Amino acid sequence: EREQIQAVEAEVLQAIRGEGPKGRRRLEDAVHAAKAVGVPPDRLQAGIARLQELDDHERRCATLSGSIRRALPVLPKEPWRLPGLLDAARSLQPWPPDLQRLVYQANESVRQTMASQQQRQ
């Protein structure tokens, strides 16, 4: 039993380093398994804290995605909004695919607006 607890604790410590959806799922599974075999809560703190960090990151990314979605229709007329959104996005890397796509769309929208304005001049 002691070896099983040590193995599960080691898996939690390894899973903390993971990133992305697969890494998150591995960490969730490791924490769940650790709780099931009776790993003391104080030894799970790092794994639980990392899950909270991932939750916070996902929440902030979702909030920023909503902000970019709302800004996309007005970016051609108000391109000065983009730098603030991009500054916020930089601090959130790595980005989930949805946010990555929206950042690309916003950049392209402003780039196309700037290109069309230069052609008019």
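The values are calculated or read from the model by the stated rules, or taken from the named source; none is laboratory data. Remember, predicted model here, so these are calculated numbers, not experimental data. Just so you know, the surface numbers come from the protein's heavy atoms only, side chains and all, with ligands and any DNA or RNA stripped out. Shrake-Rupley method; radii C 1.70, N 1.55, O 1.52, S 1.80 Å.
Tell me, what % of the accessible area of the chain is carbon and sulfur with a 1.4 angstrom probe?
53
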Exercise. When every alpha-carbon pair in region 1-49 is counted, what percent end up more than 14 Å apart?
Worked result: 40
Problem set entry | Percentage relative contact order, the chain, counting C-alpha pairs under 8 Å, at least six apart | 21
Exercise. Can you list, bin by bin at 5 Å, the percent of alpha carbon pairs in region 1-98, starting at 0?
Worked result: 2, 12, 20, 16, 12, 9, 9, 7, 5, 4, 2, 1, 0, 0
Seminar exercise, completed: Calc'd 3J(HN,Hα), region 22-28, phi into Karplus 6.51 cos²θ - 1.76 cosθ + 1.60 (θ = phi - 60°), Hz, glycine/Pro = x, comes to 5, x, 5, 4, 4, 5, 4
Exercise. Whole-Hz Karplus ³J(HN,Hα) for region 60-77, in order, using 6.51 cos²θ - 1.76 cosθ + 1.60 and θ = phi - 60°, x for Gly and Pro?
Worked result: 5, 5, 5, 5, 5, 4, x, 5, 5, 4, 5, 7, 3, x, 9, 4, x, 8
For this session: Heads up, I need the accessible area for ARG50: 1.4 angstrom probe, whole protein in place, Å², nearest 10.
Result: 50
For this session: May I ask you to give the solvent-accessible area per residue for the chain, in square angstrom, as obtained with a 1.4 angstrom probe?
Result: 67
For this session: Would you compute, from DSSP H runs of 4+ residues alone, the mean residue ellipticity of the chain at 222 nm, taking -39500 (n - 2.57) per run and dividing by the full residue count, rounded to the nearest 500?
Result: -27500 deg cm²/dmol
Seminar exercise, completed: Along region 39-47, Karplus-curve 3J(HN,Hα) (6.51, -1.76, 1.60; θ = phi - 60°) to the nearest Hz, with x for Gly and Pro, reads 5, x, x, 5, 7, 9, 3, 5, x
Exercise. In square nanometres, what is the average projected area of the Cα convex hull of region 56-111?
Worked result: 3.3
